[in-house]
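Undergrad: Quick one: this structure, given as structure tokens, is what I'll be asking you about.
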Amino acid sequence: MPPLRKSIPLKTVVARLCPQCALCCNGVLFKDVELQPGDDATKLKPLGLPLSPIGNRQSAIHNFRFPQPCAALDGCRCRIHADRPARCRQFECALLKSVAAGKTEVDAALRAIRVARQRADQVHALLREVGDVDSKLALSLRFKRTKRRFEASPPDDARAEVFGRLTLAVHDLNLWLRGKFYP
Ligand code: SF4
């Protein structure tokens with residue numbers, strides 16, 4: 001698809017889109033973030049990132065990760081922006097790249113963000129309705145956990161009906177995220 005107009009500096013696009021979004025930090029796009037070579041866990045932990053080791057007792061612990069929603073997220077802003085891990089610095093979602101390349105208008109991108117956040121809010125609401133209120137866990141993990149719970153102990157009709165709507169809402173959200181955000 002030919003560009004709609006000339007490209008925009010990425011920094012400018014980030015300033016327009018990310019303060020309205022935070023989907024890559026709030027547990028909607030990702031369930032956790034792995035530290036990368038060059039990241040210093042001893043510096044990041046005191047900044048409030050709950051790092052957990054990756055690796056089992058037999059093997060040397062070789063890396064760390066922290067869960068999403070991120071503890072450093074304040075609204076749509078990163079509280080440790082200047083010191084954020086490498087993965088956070090490197091990640092550019094497909095929407096950001098498309099606007100920067102002149103393939104998507106900023107207003108269309110802001111609409112896409114609003115749709116994604118609305119669909120995520122709907123999933124949050126339906127999860128609460130079926131008894132999962134743990135907003136400190138990534139959306140995908142909460143849905144998987146609820147599914148396992150209902151497989152182990154089938155819900156009553158009312159809850160089963162809500163779970164059906166939840167499954168559809170998760171599907172709709174994932175389709176939208178796959179189409180607009182995942183690189
Ligand atoms: S450290 Fe900042 S940029 Fe990285 S996930 Fe957390 S809030 Fe987002």
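Undergrad: Which aspartates and glutamates have a Cα less than 17 Å from the Cα of residue 97, not counting those fewer than 8 places away in the same chain?
TA: Reachable aspartates and glutamates: 105, 107.
Undergrad: Measure off 7 Å from each Cα along the Cα-to-Cβ vector at residue 158 and residue 8, then give the distance between these two points in nanometres to one decimal.
TA: Those two pseudo-labels are separated by 4.7 nm.
Undergrad: Of all accessible surface on the chain at a 1.4 Å probe, what whole percent is carbon and sulfur?
TA: Details: 6090 of 11030 Å².
Whole-percent figure for carbon plus sulfur exposure: 55.
Undergrad: Also, I was wondering about something else. Can you give the accessible area per residue of region 120-180, in Å², using a 1.4 Å probe? Don't jump to the answer; show the numbers that get you there.
TA: Numbers: 3710 Å² over 61 residues.
For region 120-180, the per-residue accessible area is 61 Å².
Undergrad: List the trypsin sites (Lys or Arg not before Pro) in region 116-172 that DSSP assigns to loop (not H, G, I, E or B) and whose Cβ has at most 15 other Cβ atoms within 10 Å. Which are they? If you can, show how the numbers build up before the last one.
TA: Values: sites: 117, 119, 128, 136, 142, 144, 145, 147, 148, 149, 159, 165; in loops: 136.
Sparse-neighbourhood loop trypsin sites (Lys or Arg not before Pro): 136.
Undergrad: Just 72, 22, 86 to compare: in a GNM of the chain, with alpha carbon springs under 10 Å, which one fluctuates most?
TA: 86
Undergrad: Also, I was wondering about something else. Greater than 20 Å separation of Cα atoms is the criterion. Which listed pairs, 136/180; 31/144; 103/180, meet it? Please report the intermediate quantities before stating the final value.
TA: On the way: 136/180 25 Å; 31/144 12 Å; 103/180 12 Å.
Violating the 20 Å Cα-Cα cut-off are 136/180.
Undergrad: Three principal axis extents, largest first, for the C-alpha atoms of region 1-152, in Å?
TA: Computed over the Cα atoms, the extents are 54, 41, 28 Å.
Undergrad: Starting from the Cα of residue 45, draw a straight line to each of the aspartates and glutamates and keep only those under 18 Å, dropping any in the same chain fewer than 8 residues away.
TA: 32, 34, 74, 83
Undergrad: For every helix of n ≥ 4 consecutive DSSP H residues, a contribution of -39,500 (n - 2.57) applies; sum these over the chain, divide by its total residues, and give [θ] at 222 nm rounded to the nearest 500 deg cm²/dmol.
TA: Working: 7 runs with 86 residues, N = 183.
-14500 deg cm²/dmol, from helical runs alone.
Undergrad: Once the Cβ-Cβ distance between residue 15 and residue 145 is put in as r, and R0 is 25 Å, what FRET efficiency do you end up with, to the nearest 0.05?
TA: Values: r = 36 Å, r/R0 = 1.45.
Result of the calculation: an efficiency of 0.10.
Undergrad: I've got another one for you. Please state the shape class of region 71-132: rounded when a/c is under 1.5, otherwise prolate if a/b exceeds b/c and oblate if not, all from the C-alpha gyration tensor.
TA: Values: a/c = 2.73, a/b = 1.22, b/c = 2.23.
Oblate.
The values are calculated or read from the model by the stated rules, or taken from the named source; none is laboratory data. From a predicted model like this one, the values you see are computed outputs, not experimental measurements. Cβ sites come from the backbone with ideal geometry, for glycine too, and all protein chains shown count toward neighbours. Just so you know, the surface numbers come from the protein's heavy atoms only, side chains and all, with ligands and any DNA or RNA stripped out. Shrake-Rupley method; radii C 1.70, N 1.55, O 1.52, S 1.80 Å.
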